[in-house]
Each structure stands twice: as structure tokens, then as C-alpha cells.
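Trainee: To start, I am sharing the structure in question, which I have written as C-alpha cells.
The values are calculated or read from the model by the stated rules, or taken from the named source; none is laboratory data. Everything numeric in this text was worked out from a predicted model, so none of it was measured. Cβ: placed from backbone, ideal geometry, glycine included. Neighbour counts: every protein chain shown.
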Amino acid sequence: MPNTRSEGAMKEEDQTPTDPVQLMMAMMKEMKEEAKKREDQLMRQLQEQAQDFAAALQTNRGNAGGSTKSKKMDVPVLKCPEDINLADFRDWQQRFADYTEVQKIMEECTLSGRQSLLRSGLDPAWTKLWSTGILEIDDRKDDINDIIKKILHYIREHRNPLLDRKEFLERNQHAGESIDVYYSALKSIDESCGYDVNPTCKVCDDACGHGDELQQERLRDRLICGLKDQAIQQKVLAIPFKDLTLKKALEVCRVEAASKETQASLNKSERQVNRLKERSSYKKGKIDNNPLSKSAQKADERCSNCGRKKHQKPDQCWARDKDCNNCGKTGHLKHMCRSEPKKEVNRMTIGQVKTSDDLVKITAKIGNADHQEVEWLPDTGAECDVITADCLKKVGTKVKDLRKDKAELCGPDQGRLKSLGKVTATLEREGMKYKTELHVLEKGTGPILSKAGCIALGLIPTGWPHVVNKLSLSSPDEGNGVDMLLKSQSAASIREQLFQEFPEVFPPDDEVLPLKPMKGPPMKIELLPGTSPIRRYRCNTIPLHWQDKVKAHLETMVQKQIIERVPQGEAPEWLFSMVVVPKAGTDEPRVTVDFSPLNPFVKRPMYPCRVPAEEVAQIPPGMTHFTVLDGRHGYWQVLLDKPSSKIMTFNTPWGMFRYLRNAMGLISAGDEFNRRGDDAIAGIPNVKKIVEDIIIYDKDEDTHLQRVKEVIQRCDEHGITLGRRKSTIAEPSVTWCGYRISKDGYTANPGLVDALTKFPVPKNRTDVRSFCGLVQQFEALSADLTGLLEPIRALLPARSAFVWEGLQQQAFEKTIAELTSPRVLTQFRPGANLRLETDASQRFGLGFALYQEEGKVWKILRVGSRTLAPAETRYSVTEIELQGVVWATKKLKFYLRGKAFEVIVDHKPIVSIINHKALDEIEHPGSSG
């Protein structure tokens, strides 16, 4: 917070000074304000004259040239000093030079006219620096080029190059961005980083030009590290490092990117033809609406016995000696049988078994044998998991230990296969588990993993192969990318297509497959030295009407591999109690575990969590497209290491369980989850995240959809799942973290407003506490909240009688009316002027309103209020007013620290105090001496 003696311009209201010195100071202040107004008016007139002059020249030029007319151009405007960097300045400088060249103004204007033209292309903050002499501009002799050089010098002096270097190191290639555009952006940022262009060479001890080589190395390294296409990155990294120059890297990137685009264009028509040639088994029996495929099927006559292409002679059909598995007759196969199909029970198909180089090593516990690594053949055409007798013996399980297998197995040719029995097995891969029944065959080529097993162990996506309307991340020129497919779709249609494109990110709500873990090593719970194990043997009673639901919920958590049962006979060192509470607004149970006895002994990693009000205020005004993504099972996606899993053991009426994943209620749970989630989406602009809630915002639809795809793809790469129900895609207004956000600003969540309007009249102190808690969520939207609630808060102390009278009813109704009236807060702009108004009262407490200047209008940026502490109620009026200014300034340090602002008070005695003392002296009177 800057010293208000030099930055806070104090205003007094409704009082005229009588002291001669004060009267003289007031007159000088008025004269200064009048001079400022005249200066601003003169500046506007000069700008208008320059624009009129340029327009007149344009008109004359058009009349002289007959029918030829030039298009009118607007003067490029340089950003305010707080937002500018060297790259933006160079861009503006080039556009301004182009503007003056196209308009042919420079040679036809006087020096003052050229200066006026330049002023019209500067943000008002720059014109103030000009007029006050900070830029050291001489209006009598400095021409445009001299002034631009002084502006550049000012930017270099006041901008820390570390900001540009940080941006350079974090700059990655965006989705849909070409190699040349990406390289140009890197080079532009690098030139703003303040590196010495020609440093003294350590070898030559001379400015030999090796600085250019250092720049090329920086650009080469950042170019390669930030490539979005991993295939192109791999091609570049394959080049020997001694030969890997910037020129070589750019050449390879351009060639690879061009070849991918060419290949996509060439294969575009082939994809349609290939679809007609091959038809996967999962589409059998479905209606094909493609007219080309229907005509192809009619033209392609098939053998009625085997289903293959029609033979020249009947005896050439290979099915003539085969028995049908449907009717039992000889001469045709089951899928060509004309008889009525038989009802099949426990009949499962084993896909085509082939020797493959794509065998997957999976840790398996088969029967009573120990965990062993076994190579499996993933087969998405198989309906069951199979192992041969020879392989079963190798892992240590005997055939005599098998259970009877009643399932009817058949091979890819529909021929029956003999099963020796079945055995229970648990397969593990990369933290995911899959429990299954293995069918044991006498002969075969090796263990086969079914489609269900492939999905459970993460070998194929959940929705495989039913991916409809696939969204491509390739170039927009291909015609099937996100901007071609989604631009013309409604928000609901885009939402559904994204769900289909990323089934692992948006799993169905009723899915009970193992939950995909987040990227990263298992989480470790670190305990303080000397911590002894804690055991809570008491099992909390669960209401009878909840017991079935709670038990089913625990079983679902086991299936999703969130928890596991403690093996029989194992005595846990740590044990905590399960607590079941009702979900908010419903009668459904919520299962939790009380880890409060453990939390004091856990070392917390302390990762910061952002404040919703501050994050919402940072969203730039004018955004028209918003997307909200809601995390699903967030904490449960973080794996625990085995020692930590044993600590997270809890007791239930149905036995003991322990967490395999992170859990709510643990003091370090949120820190670890927030850190991993923030790392996943780091570096993507126009994205904000608080815990599980993500918001994306842009001004145009195409950029927004590309950014949404980039965020979702990051979630896919890092193993983050999102909920379908609460996700909103490309809407003009959204609800996020308790606020309703649109292009005009933000206001209260409509759900909270509806709950407030329906709140019944309090009947006891508990109702009063609930009402005050609900109202407290609106504290950022009303400065009068504390005063309105005062009659109701008076009923909270236990020593006072609860009497609801007309005064309380009136306060109740006024509070609801105040908070339900439409009030939109504007978003924060760092370069705008700010005004702080404070007020204080011994009865109603402290309040403030922070305003932001937008054009000639002051809009509300933030409001707030609070009650007085018992000691503060004994302060004098002057002390309370000072406390209001100090408290408001500290409360708003996010907006005010390091920035000049205006303070408005209605109590004259504190004006001289604040003008002659710093805030820390006011808050701590004895600290100065």
C-alpha cells in the first residue's frame, strides 16, 4: 500500500474551510483542477483536429483520383504503461508507421500537428506522462521519431526483463499454430528479453558476434521443447546434437508439418473408400445410412454358405464340410444360417489368436500363486480372458485346483473350444487392477486379454470403438478439425461431441470401471517425527434406512479401486471411523472418514489455493465466450503409496477398508491435488482454475473452441476426469465459483439468490445462524450488509432472549431485497483509475465501496462491510473512521498496493491525519518513535 500522503487525493464533502491557510489551499486546489480540465479539453480538441485533418486529406485525395477511394484507417493505439512490453511496442511502432505512410500525413503536417497525431495514438496514461514532463519531451523541437525513442527508453527503464524471459521460457506452440508463427512469436519475445546482442566473447575477448549464436541456441532449444506434435519433436531430437542448429531444426519442423498436412489431404478421400472395404464386428446388425456402402453391398455378391465372395463352383466353398453351430446341419456356417437362432447361455467368443510383437507384460496373481509378470495378447474381439494349461503350470497353479467352467467357449470360426476349468485372477498394470475369471484351455498360443480387460487396464479408451463424429486436432485446412466441425454447431451439440471425442476425460456417471489415476508418482503422507499410530475401534452407527445404500457405495468404491478390503487376519496399525452424513439438500447419505485425529501429525506441503473473488475480478471485460469444466472424483485420482494407504484405514459395520487413493478430510489432500491440477494446465492463457473448477474465456468462438480442446487434451494427458453434468461449453454467461459471469461483469450466483428468496423466517437461533451464513456469501456485493443484519445478529448471543419482532422482520426483508436486486460488478483493469469510499458507524460497523473509472463512468469494482469488535465499539468517532480507512485499504490490497488511488471520506478531522501520516503510523501509533 503506497503512502497516502503522496498518492491518496482526499476529498471533503459538505464542509467549507474557515482557516485562511486551508482556504488558500482549497483555492489552489480548485485552480489546479480547472487548469487540468482546460488541458484535457485542449488535448481532445487537438486530437479531433488531427483526425478531421486526416479525413479531409483523405477526401481530397479521393476526389483527385477520380473513382479511386482509400479505405479509412483508425490510428493504432499504444497500450498503457502497465500493460506494455517491448514486443507490443515494436508491433505498435510498425503499425503506426504504416498508418502514417498510407495516409500520407507526415509531410503535410506541421510539428505540432504531427505531435497531435502521435498523441491520438497513445493511451491516456502516456499523454499524462507526456504532459507532466516525465517523458522529458520538448514540444518545441522533438519530432515524432524523437518522442518514440523517449517512449522506448521509458519502457526499457521501467520493465523488468525477467518478465519477458519468463514468458519466453513458458512459451509453447499452441493448438493449430504453424511452425513459422510459433518461431516468429519466440523471436519477438527473445528480442524483448534484454540479452546483450554482442557480448564479449570468452574465447576471443572481443565483441566477435557470438551473441547471435547464443540467441540462435536459445531459440533452437525453446522451439524444440515447446513443439506440440510429439512426432515432429522426436524427428528433430533424432538429429545428432552437434549438427542440430536452429536452421536445421526449423527445416525439419517445416518439412514434417508440411508432409503431415499433405498426407491428411491425400488420405481424406481414401478414408471414405476404406470405410466401404472394411466393417468392424461391432457394427454387425446395424443399419448403414451411407448410400455408397449400400450400393457396394448390392454389387458384392456373397456365398450363402460361408459368407465370402461367391465361388465359381459350389464345391470350392470351404464350409461344405463344416457343421453349423446354430442348427447343427452340415454345409454352412452359423452367421449364414437361415434357421431361427437358438438362445445361447454362457456362450463367449475368443477372438483370432495370432503371434504378435505387441504383447503386453502384466503382473498377475492367478489362484493361490504369487504375483508374476506374464505376457498377454490384447484382443478386443475376445469376450473372455483365456490362459492355456501350460502357462498356468508355469505360474504355479495346478489344473486340479480349477473350478468347474459352465461357459460355452468358441473360437473365431465359431468352432467350440474345450475348457479345463476356470480360476480367479487379479491383473495389475500401472496402478490399475482388473479382477477376472480366467478360462483355461488345453491348447493355444498363450494368454488372451479380453476387451473388458483392455479397458480396465487402460490399454484402450473406455468408449472404444464407438467414437462418433471424431474431432481432429489437425490443421483447420483439412476440413474435419475442430473449427470446421464445431463452428456451425450449437453449444449442446459441441458438448456432446467433446464427450464422444474424450470418453476417458468425460466418463459416464454410471461407469464402475477402475478410476483412471492422475499423472505423477504416488502421493506420500509424511508424518511428524515421533508420531505413534492412532486407532479408533469404535464403529459409528448407521441409520437403518441408509445401510443398504452405504454398503452399495462401498462396493462401488472397491470396484473403482478407490478403496480395498483389509485382508483377513491383518491387524492394522492405524484405524479411523467412517462417518455418514446427508448430502446437501437431499436425504442421500455421504460417506466420509474422520481423519481429524491424524491431521495434527501430518506434514502439510502447503500449496496455495486461490480466492474466487480475486480470480473472477481478473477476467478481462468484454469476453463473450465462456466454458466451465467441473472436475469429477478429483481427490480420488491421486494414487497413494503403500505405507500411506495403510495409514488411511477405516472401520465400518461390514469390516475394515483402506484407501488406495487420496481422500477428502486429510489435511494434505487439497494441496497435493491442487498442485497436480495446476501443473496440468499451466501455460495456457485465458484459463483459471480453483480446486476442481476450470473456466476458459475468449472474445471469439474459433479461438475459444481451440483453447477448450487444448485444455481437455491436457486433462487427458494428465489423467484428469471431468463431470458431464456440470460442464458448460461456449456459453455467453456461466456460473463459476459462486458468481455469474458475462461480458458485462459478474454478479451473485442465481442459485444463491433463489435460496435467499425462499429462506423461511427464522424461528430460533439455529435458523438465524443459517441465514447469516447464507447472507455472508454475498459480502462482496453489498457495503450495507453489516448494518442491515445488526438487529438480527443481536439475537445470536445465548444470554439474550430470542424475540422476533417488527424490527427483526424489517431487517430480514430489507436484507433480502438488498441482495436480490440486480448488481453487476465490473472486472478489474490494472491501468484504470480507482476511487475508494469508506464509512464507519458505532452502530452499523465498517463499510467500503471501491470504484473503477471506465470512460467517464465510475463502476463498482468491490464492496464490503464488517461489524465492530467489542473493543472497537468503545473507540471515538474519529478512531472508528480511521479504522474504516485502514481496514478497507488492507482488505483491498489486491487492487491498491503499489497503485495511486483516490479516497473519499465524510469525516473532516481524519483528512489532515491521513495527509500527514502513513497508514502504518495510524494503525500502530507508537511505532514511529
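Trainee: With respect to Asp641, is the statement that it is free of Cβ contacts under 8 Å to residues at least 60 places away in the same chain and among the acidic types (Asp, Glu) true?
Mentor: Spelling it out, it is not the case that Asp641 is free of Cβ contacts under 8 Å to residues at least 60 places away in the same chain and among the acidic types (Asp, Glu).
Trainee: For the stretch 417-462, name all the residues that are under 29 Å from the mean Cα position of the chain (by Cα) and among the small types (Gly, Ala, Ser).
Mentor: Within the stretch 417-462, Gly431, Ala456, Gly458 qualify.
Trainee: Which of the strands (runs of 3 or more DSSP E) contained wholly in the stretch 699-752 include at least 2 residues that are under 14 Å from the mean Cα position of the chain (by Cα) and in the same structural domain as Gly622 (by TED's automatic domain parsing)?
Mentor: 722-731
Trainee: Look through the stretch 590-615, keep the residues that are farther than 14 Å from Phe650 by Cβ and among the charged types (D, E, K, R), and return whichever of them is surrounded by the most Cβ atoms within 10 Å (Cβ to Cβ).
Mentor: Step by step, filter the stretch 590-615, then rank; the result is Glu615.
Trainee: Another question about this same structure. Restricted to the stretch 787-830, and to residues that are under 20 Å from Leu892 (Cβ atoms) and touching a strand residue (DSSP E or B) at 6+ places or on another chain (Cβ under 9 Å), which residue is modelled with the lowest pLDDT?
Mentor: Filtering the stretch 787-830 down to residues under 20 Å from Leu892 (Cβ atoms) leaves 787, 823-830.
From what's left, touching a strand residue (DSSP E or B) at 6+ places or on another chain (Cβ under 9 Å): 787, 823-829.
Numbers: Gly787: 74, Arg823: 60, Val824: 66, Leu825: 70, Thr826: 75, Gln827: 72, Phe828: 79, Arg829: 78.
Among residues in the stretch 787-830 that are under 20 Å from Leu892 (Cβ atoms) and touching a strand residue (DSSP E or B) at 6+ places or on another chain (Cβ under 9 Å), the one modelled with the lowest pLDDT is Arg823.
Trainee: Would you confirm whether any residue within the stretch 382-397 is at pLDDT below 75, surrounded by 15 or more Cβ atoms within 10 Å (Cβ to Cβ) and in contact with a Gly (Cβ under 9 Å, 6 or more places away or on another chain)?
Mentor: Checking the stretch 382-397: not a single residue is at pLDDT below 75, surrounded by 15 or more Cβ atoms within 10 Å (Cβ to Cβ) and in contact with a Gly (Cβ under 9 Å, 6 or more places away or on another chain).
Trainee: How many residues are closer than 21 Å to Ile667 by Cα and at pLDDT 90 or above when one looks only at the stretch 536-565?
Mentor: 2
Trainee: Run Thr627 past the list (1) under 30 Å from Asp700 (Cβ atoms); (2) free of Cβ contacts under 8 Å to residues at least 40 places away in the same chain and report the number of the one that doesn't hold.
Mentor: Answer for Thr627: the failing condition is (2).
Trainee: Looking at Leu485, Leu498, which is the one that is at pLDDT 80 or above and either in contact with an Asp or Glu (Cβ under 8 Å, 6 or more places away or on another chain) or not in a loop (DSSP other than H, G, I, E, B) (or both)?
Mentor: On the way: Leu485 fails: at pLDDT 80 or above.
Of the residues listed, the single one that is at pLDDT 80 or above and either in contact with an Asp or Glu (Cβ under 8 Å, 6 or more places away or on another chain) or not in a loop (DSSP other than H, G, I, E, B) (or both) is Leu498.
Trainee: Would a scan of the stretch 448-466 turn up a residue that is modelled with pLDDT under 80, among the aliphatic types (A, V, I, L, M) and either assigned to a strand (DSSP E or B) or touching a His at 6+ places or on another chain (Cβ under 7 Å) (or both)?
Mentor: no
Trainee: Criterion first (surrounded by fewer than 14 Cβ atoms within 10 Å (Cβ to Cβ) and either within 29 Å of Gln561 (Cα to Cα) or at pLDDT 80 or above (or both)) does Lys406 satisfy it?
Mentor: Answer is yes for this residue.
Trainee: With the requirement that a residue be farther than 18 Å from Gly411 by Cβ, touching an Asp or Glu at 6+ places or on another chain (Cβ under 9 Å), assigned to a loop (DSSP other than H, G, I, E, B) and at pLDDT below 75, what does the stretch 304-334 give you?
Mentor: Answer for the stretch 304-334, where residues must be farther than 18 Å from Gly411 by Cβ, touching an Asp or Glu at 6+ places or on another chain (Cβ under 9 Å), assigned to a loop (DSSP other than H, G, I, E, B) and at pLDDT below 75: Lys310, Cys327, Lys329.
Trainee: Please go through the stretch 815-871 and pick out each residue that is polar (S, T, N, Q) and either assigned to a loop (DSSP other than H, G, I, E, B) or out of contact with any Lys or Arg (no Cβ under 9 Å at 6 or more places or on another chain) (or both).
Mentor: Thr815, Thr820, Ser821, Thr826, Gln827, Asn833, Thr838, Ser841, Gln842, Ser865, Thr867 - these are the residues of the stretch 815-871 that are polar (S, T, N, Q) and either assigned to a loop (DSSP other than H, G, I, E, B) or out of contact with any Lys or Arg (no Cβ under 9 Å at 6 or more places or on another chain) (or both).
Trainee: Considering only the stretch 113-139, state which residues are touching a Leu at 6+ places or on another chain (Cβ under 8 Å) and farther than 12 Å from Leu78 by Cβ.
Mentor: Hits for the stretch 113-139 are Ser116, Leu135.
Trainee: Name every residue in the stretch 132-172 that is within 30 Å of Gly855 (Cβ to Cβ), more than 43 Å from the chain's Cα centre (by Cα) and either assigned to a helix (DSSP H, G or I) or modelled with pLDDT under 75 (or both), in order of residue number.
Mentor: Selection gives Ile144 alone.
Trainee: Which residue is farthest from Thr735 (Cα to Cα), if the candidates are limited to the stretch 573-589 and must be of a type outside the set (S, T, N, Q) and loosely packed, with under 14 Cβ neighbours inside 10 Å?
Mentor: Glu573
Trainee: Same structure, new question: Based on what the data block shows, is Phe506 buried (at least 16 other Cβ atoms within 10 Å of the Cβ), part of a loop (DSSP other than H, G, I, E, B) and among the aromatic types (Phe, Trp, Tyr)? Outline the logic, then answer.
Mentor: Numbers: buried (at least 16 other Cβ atoms within 10 Å of the Cβ): yes; part of a loop (DSSP other than H, G, I, E, B): yes; among the aromatic types (Phe, Trp, Tyr): yes.
Taking the combined requirement at face value, the residue satisfies it.
Trainee: I've got another one for you. Of the conditions (1) at pLDDT 85 or above; (2) closer than 30 Å to Val905 by Cα; (3) touching a helix residue (DSSP H, G or I) at 6+ places or on another chain (Cβ under 9 Å), Asn833 fails just one. Which one is it?
Mentor: Asn833 satisfies all of (1) at pLDDT 85 or above; (2) closer than 30 Å to Val905 by Cα; (3) touching a helix residue (DSSP H, G or I) at 6+ places or on another chain (Cβ under 9 Å) except (3).
Trainee: Looking at the stretch 673-682, can you tell me whether even one residue there is part of a helix (DSSP H, G or I) and among the small types (Gly, Ala, Ser)? Working first, answer last.
Mentor: Looking only at the stretch 673-682, we keep the residues that are part of a helix (DSSP H, G or I), and these are 673-680.
Checking which are among the small types (Gly, Ala, Ser) leaves us with 677, 680.
Yes: one or more hits.
Trainee: List the residue pairs whose Cβ atoms are under 8 Å apart, where the first residue sits in the stretch 130-156 and is of a type in the set (Gly, Ala, Ser), the second is in a helix (DSSP H, G or I) and surrounded by 12 or more Cβ atoms within 10 Å (Cβ to Cβ), and the two are 6 or more positions apart or on different chains.
Mentor: From the stretch 130-156, the pairs are Ser131/Glu39; Ser131/Met43.
Trainee: Could you list all residues from the stretch 657-686 that are of a type in the set (Asp, Glu) and surrounded by fewer than 21 Cβ atoms within 10 Å (Cβ to Cβ)?
Mentor: Going residue by residue through the stretch 657-686, those that are of a type in the set (Asp, Glu) are 671-672, 678-679.
Within the stretch 657-686, Asp671, Asp678, Asp679 qualify.
Trainee: Another question, then. Filter the stretch 529-566 down to residues that are part of a loop (DSSP other than H, G, I, E, B) and among the hydrophobic types (A, V, I, L, M, F, W, C) and give me whichever is farthest from Asn599 (Cα to Cα).
Mentor: So, considering only residues that are part of a loop (DSSP other than H, G, I, E, B) and among the hydrophobic types (A, V, I, L, M, F, W, C), the one farthest from Asn599 (Cα to Cα) is Ile542.
Trainee: Mind counting the residues in the stretch 567-615 that are charged (D, E, K, R) and in a strand (DSSP E or B)?
Mentor: Of the residues in the stretch 567-615, 2 are charged (D, E, K, R) and in a strand (DSSP E or B).
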